[in-house]
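Only the coordinates and a few stated rules stand behind these numbers; no lab work does. Given the structure is predicted, the values throughout are model-derived calculations rather than measurements. Using ideal geometry, Cβ is built from the backbone for each residue, glycine included, and neighbour counts are taken over all protein chains shown.
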Amino acid sequence: MSKLTNPDYMRPLGEELRRRLAEPRRFLQVLAGPRQTGKTTLVRQILREWGEAAHYASADEPTLRDRTWLVAQWEVARATARDAGPSGAVLALDEIQKIPAWAETVKGLWDEDAARGIPLRVVVLGSAPLLVQRGLSESLAGRFEILPVPHWSFAEMRDAFGFSLEDYLYFGGYPGGAALTGEPDRWRRYILDSLVETTISRDVLLLSRVDKPALLRQLFQLACSYSGQILSYTKMLGQLQDAGNATTLAHYLRLLQGAGMVTGLPRYSGSAVRQRGSIPKLQVFNTALITAPSGLSPQEVRGEREFWGRLVESAVGAHLVNAEAVGSCAVYYWRHGEHEVDFVVQAGKHLLAIEVKSGRRRESLPGLDRFLKEYPRARPLVVGEDGVPFERFLTRNVLDWAEA
């Protein structure tokens with residue numbers, strides 16, 4: 001059974017949050033990311049350093065939370081800040097998007113503190129980035145900074161829990177499940193029940209308009225099963241039982257992307273218009289979303305060459321889309337006829353074309369040479385056999401490869 005091998009481990013982005021909170025009160029800090037990526041744990045680590053000059057409250061509890069509750073928590077923190085003197089205090093509000101019209105309320109309270117000179121630093125946490133950002137952009141313009149919290153990388157799971165590369169490929173980057181890796185069936189139920197179902201029912205269906213919830217669930221399952229494959233919306237509809245259309249599927253895929261579960265990569269063309277209307281390449285944010293629904297044990301997965309190869313490719317893609325989620329780059333795929341480039345990464349003026357060699361059978365031909373003829377400024381990178389080892393690729397920042 002895996003355990004935390006470094007009990008004092010803090011994710012690198014924790015240092016960034018610590019630095020921001022040590023500054024004079026400037027911006028409201030927003031930690032936005034998927035469920036079970038350690039947002040609450042990270043904030044609690046920071047709050048312990050503030051001791052009694054900190055107040056934490058969560059809206060993700062059974063009792064109804066509303067504006068009155070939010071104001072009451074803020075008043076407690078104000079009193080704490082006054083008692084702390086010039087150094088001030090920190091207020092952390094978890095699952096903030098569960099409170100109706102939360103952004104308008106926070107705006108009023110934040111502006112009152114600014115006018116009165118109350119040194120209260122505020123951190124808000126939300127599990128669905130798009131839902132959090134919607135409230136921010138509407139009411140809190142100019143008052144906040146976002147600190148994206150992506151899924152845990154291989155390097156983080158290795159440093160905190162002693163994961164090997166094979167552990168990471170199968171169990172993925174969910175720290176909450178690390179203690180259950182010795183019991184794969186129990187781990188699987190944790191991923192499906194406590195994580196997947198909770199995200200869909202409480203972060204997507206409860207907080208967004210979804211006219212066909214059964215279709216959204218089927219789309220999620222399909223995207224996990226076909227991660228790493230290019231699939232048109234027409235073909236997706238042919239695989240789904242509930243009736244829908246391409247526009248509905250594209251909208252639902254964006255909701256699942258906002259919840260940090262699956263996404264559809266656009267085809268790179270050099271034209272933003274053509275990219276937006278392209279056939280998507282399905283991609284999970286965490287390989288646990290492939291292995292848990294499969295029902296296969298770690299030993300069975302390693303014995304299935306095709307499945308293992310797809311898992312490896314999806315791990316590379318997950319590493320890239322999590323970098324995209326924090327704003328480091330934009331991720332695409334490329335295809336021309338039978339030729340394909342697995343991933344195209346654009347970071348500023350840098351363009352990186354990645355071919356993944358996982359050993360599985362391919363329906364398309366490698367397309368690096370063809371891509372480089374069309375986009376000669378691109379830098380090619382082979383990951384896997386005869387290229388950069390998977391372990392090395394997954395432990396490096398994406399920008400290191402793009403800017404090399």
**OP:** Give the Rg (one decimal place) followed by the Dmax (whole number) of segment 154-402, computed from C-alpha coordinates and expressed in Å.
**Re:** 17.6, 50
**OP:** Find the centroid of the Cα atoms in segment 120-163 and in segment 275-319, then give the distance between the two in whole Å.
**Re:** 25 Å
Subject >> Radius of gyration and maximum dimension Dmax of segment 12-148, Cα, Å >> reply: 13.6, 37
**OP:** Work out the charge dipole of segment 252-323 with +1 on the Cβ of Lys and Arg and -1 on the Cβ of Asp and Glu about the Cα centre, then indicate which of A292, G258, A318 is farthest towards its positive end.
**Re:** G258
Subject >> Sequence ranges 239-245, 279-285, ranked by mean other-Cβ count within 10 angstrom, highest first >> reply: 279-285, 239-245
Subject >> Distance in nm between pseudo-label sites at E403 and R209 (7 Å out along the Cβ direction from Cα) >> reply: 4.2 nm
**OP:** Enumerate the calculated ³J(HN,Hα) couplings along segment 102-111 in order (Karplus 6.51 cos²θ - 1.76 cosθ + 1.60, θ = phi - 60°), each rounded to whole Hz, writing x wherever the residue is Gly or Pro.
**Re:** 4, 5, 5, 5, 5, 4, x, 5, 4, 5
Subject >> Extension gain from E145 to S297, taking 0.36 nm per residue of separation minus the Cα-Cα distance >> reply: 50.6 nm
Original post:
Around A54, which amide H atoms from residues at least 5 apart in sequence, or from another chain, sit under 5 Å from its own amide H, with H modelled in the peptide plane?
Top reply: V90
Original post:
Based on the mean of other beta carbon atoms within 10 Å per residue, what is the order of 139-148, 313-322, 154-163, most packed first?
Top reply: 313-322, 154-163, 139-148
Original post:
Hey, got the dipole for the chain? About the Cα centre, +1 on K and R Cβ, -1 on D and E Cβ, debye to the nearest 20?
Top reply: 740 debye
Original post:
Roughly how tilted is helix 129-139, in degrees to the nearest 10 and between 0 and 90, from the longest Cα axis of the chain?
Top reply: 50 degrees
Original post:
Can you flag which of K39/K281; K39/K212; K235/K357; K39/K98; K281/K357 are past 22 Å Cα-Cα?
Top reply: K39/K281; K39/K212; K235/K357
Original post:
What GluC sites (Glu not before Pro) in segment 237-306 are in a loop by DSSP, with at most 15 other Cβ atoms within 10 Å of the Cβ?
Top reply: E304
Subject >> Positive dipole terminus of the chain, leading residue within V71, A178, V345 (C-beta point charges) >> reply: V345
Original post:
Listing Y190, Y9, Y56, Y333 from the residue with the fewest other Cβ atoms within 10 Å to the one with the most, what is the order?
Top reply: Y9, Y56, Y190, Y333
Original post:
Taking other Cβ within 10 Å of each residue's Cβ, how do S153, S269, S201 sort, fewest first?
Top reply: S201, S269, S153
Original post:
By count of other Cβ within 10 Å, fewest leading, how are K39, K235, K373 ordered?
Top reply: K373, K235, K39
Original post:
Can you list residues whose amide H is under 5 Å from V124's amide H, if they're 5+ apart or on another chain and H is modeled 1.01 Å from N?
Top reply: Q29, V30, L31, L93
Subject >> Estimated FRET transfer efficiency (A179, W69; beta-carbon r; R0 45 Å; 0.05) >> reply: 0.90
Original post:
How do 343-351, 91-99, 173-181 rank on mean C-beta neighbours within 10 Å, highest first?
Top reply: 91-99, 173-181, 343-351
